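Scroll down for the structure; my scribbles are underneath it.
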Amino acid sequence: MNILILEDEMRIARRLARMTKQYFEYQPAHIELCDALPKGLAYVEKNPVHLLLLDLNLNGEDGFTLLQTMVSHSFHTIIVSAHTDKAITAFAYGVLDFVPKPFDEARLFKAFDRLRATTPAAVPEQTLQHLAIRANGAVKLVPLAQVQRIQGAGNYSELRLFNGHTELHDKSMDALEQLLPADAFVRIHRSYIIRWQDADQLLIEAGGRYAIRMKNGEVLPVGRSRYKNLRARLG
Amino acid sequence: MFLLALVSCNPDIRYAADEAVTHTSANHQFHAQVRVHLQEKMFTTPLGLQIHSFGAFEVYWDNCRIGQNGIPARPGHPEVPGTENSYYQIPDSLSGIGTHVVDIKGTQTWLKEAGRQVAAKPESYLKLLRQPLLELSFVNLMAGAFLIAGIYYAFLYFNSHTKASTTFLFALICLLFFLLLAAEYIKFYIDIPYTHFYTRLTMVGWLTFATAVLTPFYFAVHYRLPHMPLFTATLIMALLAIYGINYGHYDLTAYLHSITLWFASVLVLLYALLHRQKGALLVLCGFGLSMVVTRYVFFDFGLYISFTIILLCILYLQTLSARQLEQAHQSSQLLSARLQLELVKKNIQPHFLRNTLTSLMDWVEESPAEGVRFIKALSAEFDILMEMSDETLVPIQREIDLCKQHIAVMQYRKEVTYVWTEQDIDPNELIPPAILLTLVENGITHSIPVNNQIHFLLRFRRTATGKEYILETSGENRVRERTGGNGFRYVRARLEENYGNRWQFTAAPFSGGWRNTIYLYK
């Protein structure tokens with residue numbers, strides 16, 4: 001586990017590092033401290049990062065562009081910021097959690113807990129609005145409303161859009177599942193996340209395999225372990 | 001309007017007058033004869049006669065002596081000059097319809113070279129006496145208004161801090177206009193011997209000249225016309241040329257000067273209109289109206305009515321700029337209030353507090369004694385800030401204390417060593433509050449520590465033209481260009497609030513870090 005802390009105030013950075021170390025006590029975790037953006041970006045490019053703790057306003061910069069860049073990566077981002085008014089925006093761009101300063105151990109641990117949770121405990125107004133995608137060195141925002149479903153593609157995810165296009169996202173299916181609003185998107189299979197409102201009927205196919213028929217007639221596979229939940233949800 | 005109607009009532013007499021036949025002889029004697037053909041009389045009151053002539057003379061109507069003007073010279077007795085204009089009553093028995101002979105016999109010792117014609121005009125005697133009263137009532141109204149306006153604006157100018165030159169100009173124009181009216185109409189109040197007839201006309205001429213210079217000049221100043229000296233010089237040259245060419249033609253010169261005034265002003269106003277200046281269109285309309293009045297109102301004082309319209313236009317501009325001043329004052333007060341608020345907000349900004357509290361939490365958890373010192377440093381900074389919050393200028397030492405206190409707080413947060421040094425500080429100097437603090441904040445945010453240290457060096461020096469504060473932050477700059485967001489805006493606004501435009505602020509990188517220079521002109 002490789003954790004990057006981007007924070008320009010050394011006292012706070014050390015506090016974060018100390019608490020992080022404590023949380024991941026039983027996990028081999030490397031913690032890297034960076035106090036400036038260029039260093040942080042360079043580290044992200046060269047090293048595999050699993051989790052980012054990010055202060056939005058590094059050295060007086062407006063962290064908006066930075067946020068877009070960071071959320072387009074495969075790792076989860078947890079914002080630790082004094083600018084609590086940015087929380088809604090941060091969630092809209094797909095951060096795992098927003099920890100307002102001043103924070104204590106309990107609050108930070110709660111954010112770490114969400115790494116393990118299978119479904120995000122999203123507060124209704126703090127939901128993901130855009131998915132940031134990196135293409136040719138630039139970051140592009142795809143409004144979530146345009147996403148029809150998501151399919152696994154190795155370590156990446158493929159966003160299938162309503163307009164027929166597909167986009168590749170650096171985050172894994174697991175990571176995206178944690179970020180997506182649970183009431184609208186449902187993981188039906190290791191490799192499929194669908195829009196729940198587009199689901200039509202659960203099917204049991206020959207050989208005891210499960211599937212789901214979508215309203216547009218498509219039939220998608222359903223994971224054995226997920227069948228029960230889906231049936232309960234369909235009612 | 002009512003007065004105008006009274007003054008402009010129809011003539012109530014029809015007559016024709018031949019040109020005067022004048023004989024002069026030795027000893028300045030002269031005899032002028034005018035034949036007057038009375039055609040119609042629409043009044044029953046006595047007939048009167050108005051004579052325009054130089055000299056001292058007796059007047060005969062159909063060989064009946066009806067009066068005299070001055071005392072003609074006699075051997076051993078010099079002439080007592082009469083007035084240029086005189087009135088006589090004609091006996092009813094001699095005022096019938098038909099041809100009458102007016103004989104004017106007397107002497108003219110002075111001003112013979114003027115070659116002035118003799119003129120005789122019959123008119124209702126009552127009307128001859130009443131006409132000046134009617135005219136004066138109107139003229140006095142204008143003159144009084146402008147006298148008061150002139151005095152008012154002069155007081156306003158001398159008692160105001162801003163000393164707007166337009167206010168003074170307007171006061172001057174008003175007073176000049178008052179004097180012009182007084183000079184023009186003083187003839188109705190006092191008997192001016194014909195020997196001084198041209199004295200009055202000369203005064204009127206120069207007053208018109210001054211008005212013709214100052215009025216366009218006023219507009220030029222008000223609308224900040226470029227090439228002002230050139231414009232003014234050209235205007236004065238033109239007026240002088242008119243004076244020179246028409247020397248001795250007093251009425252024509254005054255008329256041409258008024259026309260010059262009109263055209264010069266309209267030129268300036270057109271320039272103003274082109275640049276979409278406030279009030280230009282309205283004043284132009286006023287000038288249009290004044291031209292119409294001069295063209296179509298054929299009275300002695302038609303010219304003065306149009307002057308009055310022009311002055312009313314200027315008055316309007318004056319009130320416009322008074323309103324602008326008022327607005328400027330309001331917005332400067334608003335700016336002060338905003339800056340005061342910004343200062344108070346400086347350390348209670350949520351993000352400042354939240355970051356500080358986060359560090360504080362950590363200090364309390366890790367090292368409570370240090371945490372207490374941190375709290376004390378923070379509260380000391382708050383104390384100084386609160387103490388300053390109502391001021392627009394504070395002693396420099398207080399500002400330095402504030403910077404040091406802020407540095408102490410930030411040291412706890414950033415765990416960077418900040419070093420403060422000052423050179424040649426004059427403790428008697430004052431500076432707007434929290435501007436050095438703002439520059440220190442910028443330095444902390446935008447500098448990368450070298451050996452985990454950032455140095456601040458504040459220097460003061462006096463020059464021939466003013467004084468200078470230089471604040472250097474030594475460290476590596478995170479960015480080469482700082483557009484300077486709210487911080488620099490605050491610094492500039494504070495400097496402007498206190499020093500108007502007599503300051504300069506520069507902020508630029510240098511080899512060792514960042515240099516801020518505040519220059520205050522004497």
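Using equal-weight Cα scatterers in the Debye expression, the normalised intensity of chain A in log10 at q = 0.07, 0.09, 0.12, 0.16 Å⁻¹ is -0.25, -0.40, -0.69, -1.12. Scaling against 2.2 N^0.38 Å puts the C-alpha radius of gyration of the range A:145-234 at 1.04. Rounded to the nearest 20 debye, the dipole magnitude of the range B:347-521 is 580 debye, with +1 charges on Lys and Arg beta carbons, -1 on Asp and Glu beta carbons, and the Cα centre as origin. Expressed per residue, the C-alpha convex hull volume of the protein assembly as shown stands at 286 Å³. Between 0 and 90 degrees, rounded to the nearest ten: what's the tilt of helix B:350-366 against the longest Cα principal axis of chain B? Relative to chain B, helix B:350-366 is tipped by roughly 20 degrees.
Hey, how much of the P(r) for the range B:347-521 falls beyond 29 Å, as a percent of Cα pairs? Above the 29 Å cut-off, the range B:347-521 has 20 percent of its Cα pairs.
Quick one: order B:K187, B:K163, A:K86 by neighbouring beta-carbon count within 10 Å, fewest to most. Mind dumping the intermediate values first?
On the way: B:K187 15, B:K163 10, A:K86 20.
Taking fewest neighbouring Cβ atoms as first place, the list is B:K163, B:K187, A:K86.
Summarising the strand pairing of the range A:2-113, around 0 percent of its internal DSSP beta bridges are antiparallel. The mean sequence distance of close C-alpha pairs (under 8 Å, at least 6 residues apart), as a share of the length of the range B:129-327, puts its relative contact order at 17 percent. Projected onto their three principal axes, the Cα atoms of the range B:43-139 cover extents of 44, 37, 22 Å, largest first. About its Cα centre, the dipole of the range A:2-113 is roughly 220 debye, where the only charges are +1 on Lys and Arg Cβ and -1 on Asp and Glu Cβ.
What Kirkwood radius, in Å to one decimal, follows from the Cα pairs of the range B:129-327? Don't skip to the end; give the middle numbers.
Working: mean 1/r = 0.0570 Å⁻¹.
Result for the range B:129-327, one decimal place: 17.6 Å.
Inter-chain neighbour count for B:359-368: the average number of beta-carbon atoms from partner chains within 10 Å of each residue's beta-carbon is 4.
Quick one: work out the % antiparallel among DSSP beta bridges in the protein assembly as shown, nearest 5.
Values: 108 of 132 bridges.
Restricted to the protein assembly as shown, the bridges split so that about 80 percent are antiparallel.
Helix B:197-222 and the long axis of chain B differ in direction by around 30°, with both axes built from C-alpha atoms.
Based on other C-beta atoms within 10 Å, arrange B:F209, B:F43 from fewest to most. Spell out each step's value before the answer.
Values: B:F209 21, B:F43 13.
Ranked by crowding around the Cβ, least crowded first: B:F43, B:F209.
Across every pair of different alpha-carbon atoms, what Kirkwood hydrodynamic radius in Å does chain B reach?
Values: mean 1/r = 0.0330 Å⁻¹.
When all Cα pairs of chain B are included, the Kirkwood radius is 30.3 Å.
For the range B:329-351 versus the range B:149-192, the spacing of their alpha-carbon centroids is 44 Å.
Cα axis of helix A:37-46 to longest principal axis of chain A: angle in degrees, 0 to 90, nearest 10? Roughly 50 degrees between the two axes. Ranked for footprinting exposure by Cβ neighbours inside 10 Å, fewest first, A:K21, B:K105 give A:K21, B:K105.
All of the numbers you see were taken from the coordinates with simple rules; none came from a lab. Just so it is clear, the structure is predicted and the values come from calculations on it, not from any experiment. Using ideal geometry, Cβ is built from the backbone for each residue, glycine included, and neighbour counts are taken over all protein chains shown.
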